[in-house]
Amino acid sequence: MALTIGDRAPNFKLTSDTSEQVTLASFRGKRVVIYFYPKDDTPGCTAQARNFRDQFAEFRNQDAVVIGISPQDTKSHQKFKTKYQLPFILLSDPDHAVAEKYGAWGEKSLHGKKYMGIVHSHFVIDEKGKIVDVQYKVTPKDSAKLALQVLKEK
């Protein structure tokens, strides 16, 4: 199910890289950028995370929280976060239930084989919990730049 601009962002409760339970509702009153990525420490996912890291100060200047979500467990997220000095929250969605709610779980193909997995996506959510930008199949290198552009325009 794909989400569109104007939809209410689905709430969730997931475990963070610090083993805390995090809900989207706890960020009400702030702008939130959620990005979905397939796997810690892979080339595309690392590029996406590093771009969010490198522009993190600008996201904070826009009063925005950045959250990365993937199926890996907290230990994997901790290693990934430490290795690349990521200053934002990483959440574990092992059964991809949240990714499915956001439409970020879909058919992919690699070397001619089709399979289901996380589709690189991001969502910009306003202070009231409404989606103001949706990017499905976003290129990892452009994700942070595009999300920041929307925040600056809104």
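Numerical summary
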item: Long-range neighbours under 7 Å by Cβ, at least six apart or interchain, first residue of a type outside the set (F, W, Y) within the stretch 1-19, second in a loop (DSSP other than H, G, I, E, B); result: M1/G103; A2/G103; L3/G103; R8/G129; A9/G129; L14/D93
item: Lone qualifier among V65, V32, V22 - being within 24 Å of A97 (Cβ to Cβ), surrounded by 16 or more Cβ atoms within 10 Å (Cβ to Cβ) and touching a Ser or Thr at 6+ places or on another chain (Cβ under 6 Å); result: V22
item: Meets criteria (modelled with pLDDT of 95 or more and over 13 Å from the mean Cα position of the chain (by Cα)) for L14; result: no
item: D126, sole failed condition from (1) more than 14 Å from the chain's Cα centre (by Cα); (2) modelled with pLDDT under 95; result: (2)
item: Complete set of residues in the stretch 40-57 that are touching a residue at least 40 places away in the same chain (Cβ under 8 Å) and either surrounded by fewer than 16 Cβ atoms within 10 Å (Cβ to Cβ) or within 14 Å of H122 (Cβ to Cβ) (or both); result: D41, G44, C45, A47, Q48, N51, F52, D54, Q55
item: Count of residues meeting criterion [over 11 Å from L14 (Cβ atoms) and among the hydrophobic types (A, V, I, L, M, F, W, C)] in the stretch 64-113; result: 9
item: Qualifying residue in the stretch 71-80 (condition: of a type in the set (G, A, S), within 13 Å of the chain's Cα centre (by Cα) and within 23 Å of E20 (Cα to Cα)); result: no
item: Filter result (modelled with pLDDT under 95 and either under 20 Å from K152 (Cα atoms) or surrounded by 15 or more Cβ atoms within 10 Å (Cβ to Cβ) (or both)) within the stretch 1-11; result: none
item: Enumeration of residues in the stretch 129-149 that are assigned to a strand (DSSP E or B) and within 14 Å of the chain's Cα centre (by Cα); result: I131, D133, V134, Q135, Y136
item: Of all residues in the stretch 112-134 being in contact (Cβ under 8 Å) with a residue 60 or more places away in the chain and hydrophobic (A, V, I, L, M, F, W, C), the one that is surrounded by the fewest Cβ atoms within 10 Å (Cβ to Cβ); result: V132
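Residue by residue, here is whether (1) touching a strand residue (DSSP E or B) at 6+ places or on another chain (Cβ under 7 Å); (2) closer than 16 Å to G44 by Cβ holds:
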| residue | (1), (2) |
| --- | --- |
| I67 | yes, no |
| P87 | no, no |
| E100 | no, no |
| A104 | yes, yes |
| K113 | no, no |
| I118 | yes, yes |
| D133 | yes, no |
| V138 | yes, yes |
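Let's see how each residue does on (1) touching a residue at least 40 places away in the same chain (Cβ under 8 Å); (2) touching an Asp or Glu at 6+ places or on another chain (Cβ under 7 Å); (3) surrounded by fewer than 16 Cβ atoms within 10 Å (Cβ to Cβ):
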{"site": "R60", "(1), (2), (3)": "no, no, yes"}
{"site": "Q78", "(1), (2), (3)": "yes, yes, no"}
{"site": "V98", "(1), (2), (3)": "yes, no, no"}
{"site": "L110", "(1), (2), (3)": "no, no, yes"}
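The values are calculated or read from the model by the stated rules, or taken from the named source; none is laboratory data. Because the structure is a prediction, the values reported are computed rather than measured. Reconstructed Cβ throughout: ideal geometry from the backbone, glycine too, with neighbour counts over all protein chains shown.
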